[in-house]
Every structure is written in C-alpha cells, then in structure tokens.
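Only the coordinates and a few stated rules stand behind these numbers; no lab work does. Predicted model, so just to flag it, every value in this text is computed and none were measured. Here the Cβ positions follow ideal geometry from the backbone for every residue, glycine too, while neighbour counts run over all protein chains shown.
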Amino acid sequence: MNQENHLQGRTIIDKEVSWDKTQVIMSKTNAFGIIEYANEVFIDVCGYEDYELMGQPHNIIRHPDMPKVIFKVLWENLKAGKNFHAVVKNLAKSGRYYWVITDFEIAKDENGVIVNYFGRRQAVPQEVIAMHIEPLYKKLLQIEGAGGVEFSEKYLIGFLEEKKRSYVEYIKELILEHEKSQSKFSHPEEEDERGFFSRLFNK
Ligand SMILES: Cc1cc2nc3c(=O)[nH]c(=O)nc-3n(C[C@H](O)[C@H](O)[C@H](O)COP(=O)(O)O)c2cc1C
C-alpha cells in the first residue's frame, strides 16, 4: 500500500507522529492567526524550527483531511470573542499527522480589541478519533468536495441538532464518555463545560 502522497508540494504520510501525549502543545498568534510564539513541545511535535514558524500563518500545519467548516466555525467564535474547543488533525513537517484537542484563549487590549489568541493542545484518545471524529470529518470533507462548505456546514448543523448538542458539547461528551469507560477519573455528577475543560487543561 502506498502510504505517501503529495499535495501542493507537501508530502502526506499516513502515519502518526510519535510524541509524549502527557504534554501540552502551545502557540500564540496575533489577531490574524500569524504565529508569534510556540513552546518547545510544539516545535518537537510539528518538526519545524522556531524560525520556520514565527511570522507564518497557523495554517502551515493544516492537514488536508481537515474539513474547512471546522475552521469556519472556529474563527466565527474567536472573532466574536467566544472561547472555543476543536478537535484538529495537524500536519507535521515530515508529512505525518497528530490529532489534538485545542483550548483557545482570547487576549484583548484595554479597548476590548482582540490582540492575541493562545492555543493549548492535548492528545485525544485514539478510540474517540477512530470511532467518532474521523467518520464525521470524512463525511464533511466529502460534502465540501461535492457541494462546498455551505453544505458541509448545513450537514454539521443537522448532525448536531439531532444530537441536541453544540460542537463543543459534542466533543466534550465524547471525551468524557471515553474517560468513564476507562474509569480514569471519578466524575462529579454535575460537571459543567467550564469545569470539564479546566480539568482537562489543568487550569
Ligand atoms: C491560536 C490559534 C491556533 C490555531 N491552531 C491551529 C492548528 O493547530 N492547526 C490548524 O490547522 N489550524 C490552526 N488554527 C487555524 C488557522 O489559523 C487556520 O484557520 C486553519 O489552519 C485553516 O486554514 P485556512 O484558514 O487558511 O483555510 C489556529 C488559529 C489560532 C488563532
């Protein structure tokens, strides 16, 4: 089986980056998503040097398997000053991939104008990706290919309506259900969204 292919000059390899999944991958951008800082874990995992990342748009690590609609919803929330969480497949310099869940933070100046965004990323359990996220994202990508982002967005809305969840609630629930099945943590009955993500990102 050919596991390597090329897209716009980039090599895509269907293999995961091996990385220490207890670590947090962090970056900071300006208001336009231009990278201003990345921690050592970020550098190690994506395989770029600092000088190759600083000043570059964050889509430098965008993976072609990611549906556009996820980033559309992400940016709509961030620009509206709302925190967001997203499950993202990223592309390392080597062509390998790594899946993460990202917690965003928005920094504003004294006039309330957004000046920076911070992204903190953690690993996502493989089962959650394989059973839920990958099938959904594949479908969204296919719809985008055929009918454009307008229709992948409509599909995503319908999918979430059926589940009676927002995107963030849905991914939270997937991870929580997985934790429970592993009985890794004892869960307070009434853990709200903020509590869940604070625990996940040790905030
Ligand atoms: C703080 C921050 C972190 C981001 N992290 C990622 C990331 O890890 N991977 C990614 O593909 N896009 C990330 N993005 C979104 C990119 O800016 C971009 O929207 C996305 O890669 C899609 O590319 P496009 O907007 O050119 O279609 C991040 C944006 C911000 C503001």
(request) Two decimals is fine: what is log10 I(q)/I(0) at q = 0.24, 0.25, 0.26, 0.27 Å⁻¹ for the range 96-145, from a Debye sum with one equal scatterer on every Cα and no solvent? (result) -0.90, -0.93, -0.96, -0.99
(request) Have a look at Gly81, Gly47, Ala92 and report the one farthest towards the positive end of the charge dipole of the range 20-99, computed about the Cα centre with Cβ charges (Lys/Arg +1, Asp/Glu -1). (result) Gly81
(message) At R0 = 25 Å, how high is the FRET efficiency between Ile34 and Glu110 if r is their beta carbon distance? Nearest 0.05 is fine.
(response) 0.70
(request) Could you size up the charge dipole of the chain around its Cα centre, putting +1 on the beta carbon of Lys and Arg and -1 on that of Asp and Glu, and report it in debye to the nearest 20? (result) 280
(message) Compute the distance from the alpha-carbon center of the range 86-143 to that of the range 153-169, in whole Å.
(response) 17
(request) Within the range 34-83, report the GluC sites (Glu not before Pro) that DSSP leaves as loop and that have at most 12 other Cβ atoms within 10 Å. (result) Glu49
(request) Report the relative contact order of the range 61-189, percent, no decimals, based on alpha-carbon pairs under 8 angstrom and at least 6 residues apart. (result) 21
(message) Under 5 Å between amide hydrogens, which residues at least 5 positions from Gln56 or on another chain qualify, with H placed 1.01 Å from N in the peptide plane?
(response) Ile35
(request) Given a cut-off of 30 Å, name the pairs among Lys72/Lys172; Lys15/Lys139; Lys68/Lys93; Lys15/Lys108; Lys28/Lys180 whose C-alpha atoms lie farther apart than that in the structure shown. (result) Lys15/Lys108; Lys28/Lys180
(message) What value in Å³ per residue do you get for the convex hull of the alpha-carbon atoms in the range 98-195?
(response) 162
(message) Using +1 at the C-beta of Lys and Arg and -1 at the C-beta of Asp and Glu, which of Val149, Phe196, Val115 has the Cα lying farthest in the positive direction of the dipole of the range 115-203?
(response) Val115
